[in-house]
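> This is the structure I have questions about; it appears just below.
The values are calculated or read from the model by the stated rules, or taken from the named source; none is laboratory data. Bear in mind the structure is a predicted one, so any value in this text is a computation, not a measurement. Backbone-built Cβ (ideal geometry, glycine too); neighbour counts: all protein chains shown. Ligands, DNA and RNA are excluded from the accessible area calculation, which covers all protein heavy atoms including side chains. Shrake-Rupley method; radii C 1.70, N 1.55, O 1.52, S 1.80 Å.
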Amino acid sequence: MQHGPAVRRRKLGAELRALRTGTGLTSGEAARLVGWHQSKVSRIETGASGVKPADVRLLLDAYGVRDARLREVLLALAGSDAAGRHHWWHAYRGVLPPAYRDFISLESQASAMRTLETSVVPGLLQTPEYARAVTRAATGGTDDGTDDRIDALVAVRLARQEVLRADPPLRFSAVLDEAVLRREVGGPEVMRRQLERLVEAARLPQVTLQVLPFTAGEHVGVTGPFVIFSFSSTSDLDVVVLDHLTSSLYLERKEDLQAYTEAFDTLRLHALSPEESLDHIAAIGGGA
């Protein structure tokens, strides 16, 4: 039985394998330490089988892992917090597809997030009204006050924003194509409040916003938006996420991570500075 979506299983399994080999244990020796058959350890490490949080704790104890932050990250990938409780998004499992649960799990434990957005404001910075308009458009809902799924998805999007207020907070860096600021989502008043929210967010020490103006012309990000998650406890968990209409693609190879990191750095060079970007957003908001 698989206890978690594929991306989390693979990332968790790979990290557990690295921790085991770091101790010099074979998979058979590790299995004997925790009272399992060797095949169970192998299935977990290859991502072929899910793993319960309690089993993750057994393995981490057997490998002598005491780093509290690393333990927290790995337990989150298994679906619980350090105390064994389900994370908040478990309550929405009926409306969240597995790939979205993967995304939220990674976002909740990442130390840094870099993103290029070409169409809409990043979810972590959306106002409730903007989030509802985007969700309604994405789901094809009517939002006549009776669509419980839209309500649930908006609630999830707003709950995700807590990572910016955590201790320590997620370090969030975004490059926004100017189209994000010019596209009127939800009507003029909704858009005006959303741009005000961006100005407020840009002043937070953990948030860096840069605008890629239309005058920058063609750029490396024209193929679409992407997100890079980074983890301070181990770079082996770093991942790139590409969103599509009906699915998300997760890129985990070091070559992919390097390519998208270089692309993001290039975009930042062509974008307005954070200070210029704040002024640009404020100016557009004044006319929204």
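> Based only on Cα atoms, what mean projected area does the convex hull of region 195-288 have, in nm²?
Result: a mean projected hull area of 7.7 nm².
> So between E252 and S39, what do we pick up on full extension, going 0.36 nm a residue minus the alpha carbon distance?
Stretched fully, the E252-S39 segment lengthens by 74.2 nm.
> Leaving ligands, DNA and RNA out of it, report the carbon-plus-sulfur percent of the accessible area of the chain at a 1.4 Å probe.
Of all accessible area on the chain, carbon and sulfur atoms account for 52 percent.
> Based on the Cβ-Cβ distance from A48 to H270, what FRET efficiency comes out when R0 is 41 Å, to the nearest 0.05?
0.45
> How high is the relative contact order of region 22-148, in percent, with contacts defined as C-alpha pairs under 8 Å that are six or more residues apart?
Reported as a whole number, the value is 13 percent.
> Can you work out the Karplus-derived ³J(HN,Hα) for every residue in region 54-68? Use 6.51 cos²θ - 1.76 cosθ + 1.60 with θ = phi - 60°, whole Hz, and x for glycine or proline.
Coupling constants for region 54-68: 4, 6, 4, 4, 4, 5, 5, 5, 5, 8, x, 7, 10, 4, 4 Hz.
> Quick one: check the C-alpha center-to-center distance for region 2-58 versus region 178-203, whole angstrom.
45
> Same structure, new question: Straight-line reach only, C-alpha to C-alpha below 13 angstrom: list the aspartates and glutamates that K40 could link to, leaving out same-chain residues fewer than 8 apart.
The qualifying aspartates and glutamates are E29, D55.
> Oh, and also: Can you pull the accessible area of I150 for me, 1.4 Å probe, Å² to the nearest 10?
Roll a 1.4 Å probe over it and I150 shows about 0 Å².
> When ligands, DNA and RNA are left out and all protein chains stay put, how many square angstrom of accessible area per residue does region 207-285 have with a 1.4 Å probe?
Per-residue accessible area for region 207-285 comes out at 53 Å².
> Hey, how much of the P(r) for the chain falls beyond 26 Å, as a percent of Cα pairs?
48
> Which percent, nearest 5, of DSSP beta bridges in the chain are antiparallel?
Antiparallel: roughly 50 percent of the beta bridges in the chain.
> Would you mind getting the accessible area per residue of region 61-202, heavy atoms of the protein chains only, 1.4 Å probe, in Å²?
Per-residue value: 43 Å².
> Need the list of lysines near K254 for cross-linking: C-alpha distance under 17 angstrom, and skip anything on the same chain fewer than eight residues off.
K11
> Starting at the first residue of region 130-139, write each ³J(HN,Hα) from the Karplus equation 6.51 cos²θ - 1.76 cosθ + 1.60 with θ = phi - 60°, in whole Hz, x for Gly and Pro.
5, 4, 5, 5, 5, 5, 4, 5, 6, 9
> Another question about this same structure. Of A201, L269, A174, which is farthest on the positive side of the dipole of region 174-276, counting Cα position, with +1 on Lys and Arg Cβ, -1 on Asp and Glu Cβ, and the Cα centre as origin?
Of A201, L269, A174, it is A201.
> If you don't mind, there's one more thing I want to ask. How many nm separate the modelled label positions at A283 and E29, each set 7 Å beyond the Cα in the direction of the Cβ?
6.5
> From the convex hull of the Cα coordinates of region 1-81, what is the mean projected area in square nanometres?
Its Cα hull, projected and averaged over all orientations, spans 4.5 nm².
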